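Working notes for the structure below.
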């Protein structure tokens, strides 16, 4: 089975978590970083359940440090991302994350020896263009060389390195062992964030405020996120990392569709403003993403 089906499944699930995240941050927990910490803590439960079911052991000690470094880089990238969101408009920072698939392509080419067909490279570029078009809201200030720009470059490098390392590990280590150990190290690498007095204070505050319903939403969101990650890592296990990373832009299509439907039918949950110009821009971006995927899959 082609890797694209698992990318589509992963991005579908992640788009649901994006909507739930936005609801939590807008309505309940006013800090996306605290939401992230809560979800990492909750993920301990399914990991503990899955270890005996899947008979997970310790992988080859040579590869264990690579898995740890990948988890550290992923957590670091998420922290940098939240820092970017704090100091700059999301409309400026998000389009610049199209550097991630570019860096992934370069790293996979030089470190893994990954080579693509000519049509794959064309599809790759169209996917990036589609992701850029669908996510951009304004051009002014987008490529301003300031602190935020360099934060985005750093985060993009960190995310790319994390994925490339995992692709390397999956060439030698069982998929389930790799996945579970990525989650284990991800949990442990998140906890030091609470060493910050400011973040720890926020964590205690929201911990005292959230109710049983909030915990249910957080738990559901965590499970959906884990299932999405499992599907995405399986795609990486069976396919080339570069087009897989670029195909992650499919998530933007699902997020747009969900936001549109919720705004129309459930505005009390999520309400976005959609004018004709924005709709046309997003439709163009979606068409480009679909063309990019078809070029990679059919030629």
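The values are calculated or read from the model by the stated rules, or taken from the named source; none is laboratory data. Since this is a predicted model, take the numbers as computed values, not measurements. FYI the Cβ positions are ideal-geometry reconstructions off the backbone, even for glycines, and counts take in every protein chain you see.
Looking at the stretch 77-93 only, could you name the residues that are assigned to a helix (DSSP H, G or I), at pLDDT below 70 and buried (at least 19 other Cβ atoms within 10 Å of the Cβ)?
92, 93
Test residue 45 against the stated conditions and say whether it is surrounded by fewer than 17 Cβ atoms within 10 Å (Cβ to Cβ) and part of a helix (DSSP H, G or I).
Criteria met by residue 45.
Residues are listed down the side, and each one gets a yes or a no for (1) under 18 Å from the mean Cα position of the chain (by Cα); (2) in a helix (DSSP H, G or I):
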| residue | (1), (2) |
| --- | --- |
| 220 | yes, yes |
| 224 | yes, yes |
| 227 | yes, yes |
| 230 | yes, yes |
| 261 | no, yes |
| 268 | no, no |
| 273 | no, no |
| 280 | no, yes |
| 287 | no, yes |
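Within 30 Å of residue 127 (Cβ to Cβ), touching a residue at least 60 places away in the same chain (Cβ under 8 Å), under 14 Å from the mean Cα position of the chain (by Cα) and part of a helix (DSSP H, G or I) - does that describe any residue in the stretch 163-181?
Scanning the stretch 163-181 turns up at least one residue that is within 30 Å of residue 127 (Cβ to Cβ), touching a residue at least 60 places away in the same chain (Cβ under 8 Å), under 14 Å from the mean Cα position of the chain (by Cα) and part of a helix (DSSP H, G or I).
Does residue 296 qualify as being more than 21 Å from residue 105 (Cβ to Cβ) and modelled with pLDDT of 85 or more?
Against the criterion (more than 21 Å from residue 105 (Cβ to Cβ) and modelled with pLDDT of 85 or more), residue 296 does not qualify.
Table: residues versus (1) assigned to a loop (DSSP other than H, G, I, E, B); (2) in contact (Cβ under 8 Å) with a residue 12 or more places away in the chain; (3) surrounded by fewer than 21 Cβ atoms within 10 Å (Cβ to Cβ); (4) out of contact with any helix residue (DSSP H, G or I) (no Cβ under 8 Å at 6 or more places or on another chain).
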position: 8; (1), (2), (3), (4): no, yes, yes, no
position: 19; (1), (2), (3), (4): no, yes, yes, no
position: 22; (1), (2), (3), (4): no, yes, yes, yes
position: 27; (1), (2), (3), (4): no, no, yes, yes
position: 36; (1), (2), (3), (4): no, yes, yes, no
position: 56; (1), (2), (3), (4): yes, yes, yes, no
position: 61; (1), (2), (3), (4): yes, no, yes, yes
position: 68; (1), (2), (3), (4): no, yes, yes, no
position: 74; (1), (2), (3), (4): no, yes, no, no
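Please determine whether any residue of the stretch 115-127 is within 28 Å of residue 221 (Cα to Cα) and either surrounded by fewer than 17 Cβ atoms within 10 Å (Cβ to Cβ) or at pLDDT 90 or above (or both). Steps first, please.
Pass one, the stretch 115-127, residues within 28 Å of residue 221 (Cα to Cα): 127.
Among the residues that remain, those that are also either surrounded by fewer than 17 Cβ atoms within 10 Å (Cβ to Cβ) or at pLDDT 90 or above (or both) are: 127.
Yes, that holds for at least one residue.
Which of the residues that make up the stretch 58-75 are modelled with pLDDT of 90 or more and more than 14 Å from residue 182 (Cβ to Cβ)?
62
Just checking, which of 132, 203, 149 is surrounded by 18 or more Cβ atoms within 10 Å (Cβ to Cβ) and over 21 Å from the mean Cα position of the chain (by Cα)?
Testing whether each residue is surrounded by 18 or more Cβ atoms within 10 Å (Cβ to Cβ) and over 21 Å from the mean Cα position of the chain (by Cα) leaves just 203.
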